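> Take a look at this one; I'll ask things after.
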Amino acid sequence: MTRPKHGGPKRLSDVLGELFAVRGFGRLRALKELEDAWNAAVGEPGCRQTRLGEVRRGVLNVTVAHPTLLEELVAFQKPTLLAALRRDAPGTLIHDIRFRVGPIDPPGSASGSRPGPGSTARGSKRRSDRDGR
């Protein structure tokens, strides 16, 4: 039976590196870096109307609030955004951005707090329900 080699104490940097890799801290830091870079590149009105998705095979998926913003980002800002992300978020390899229109939840809102289909903004019954139709 062979004995494991314990050649002495490990360096703290090696132990912390292994811990970060196992716990996924490096990935979380890279996502935060990417989010900060996106918010800086797109600016204040745009960052509230977009939501970053995942990066797959170097393609960043971004959900936007409405088609007009999607067209503006694709037609006019995409090359600038790519350059800014590559510069400010070097921990994530991005070679393209794919935009799609979808719901954007404001920060701090619960997904269940929105009125469902058929309800009105004031929460009152629909006319057909009130009138018995």
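The values are calculated or read from the model by the stated rules, or taken from the named source; none is laboratory data. Everything quoted here is computed from the prediction, not taken from an experiment. Please note: Cβ atoms are built from the backbone with ideal geometry, for glycine as well, and neighbour counts cover all protein chains shown.
> For the range 49-79: of the residues being among the basic types (Lys, Arg) and under 16 Å from PHE99 (Cβ atoms), which is surrounded by the most Cβ atoms within 10 Å (Cβ to Cβ)?
ARG51
> Hey, another quick one. Suppose we keep only residues that are assigned to a loop (DSSP other than H, G, I, E, B) and at pLDDT below 75 within the range 1-31. Which one would you say is surrounded by the fewest Cβ atoms within 10 Å (Cβ to Cβ)?
Among those residues, the one meeting the criterion is MET1.
> Which residues, taken from the range 32-72, are assigned to a helix (DSSP H, G or I), in contact with a Ser or Thr (Cβ under 8 Å, 6 or more places away or on another chain) and of a type outside the set (Asp, Glu)?
LEU34, TRP38, ALA41, VAL42, LEU69
> Anything in the range 80-97 that is surrounded by 14 or more Cβ atoms within 10 Å (Cβ to Cβ), β-branched (Val, Ile, Thr) and either in a helix (DSSP H, G or I) or modelled with pLDDT of 95 or more (or both)? List them, or say none.
ILE97
> Please verify whether the range 113-122 includes one or more residues that are modelled with pLDDT of 95 or more and β-branched (Val, Ile, Thr).
For the range 113-122, residues modelled with pLDDT of 95 or more and β-branched (Val, Ile, Thr): absent.
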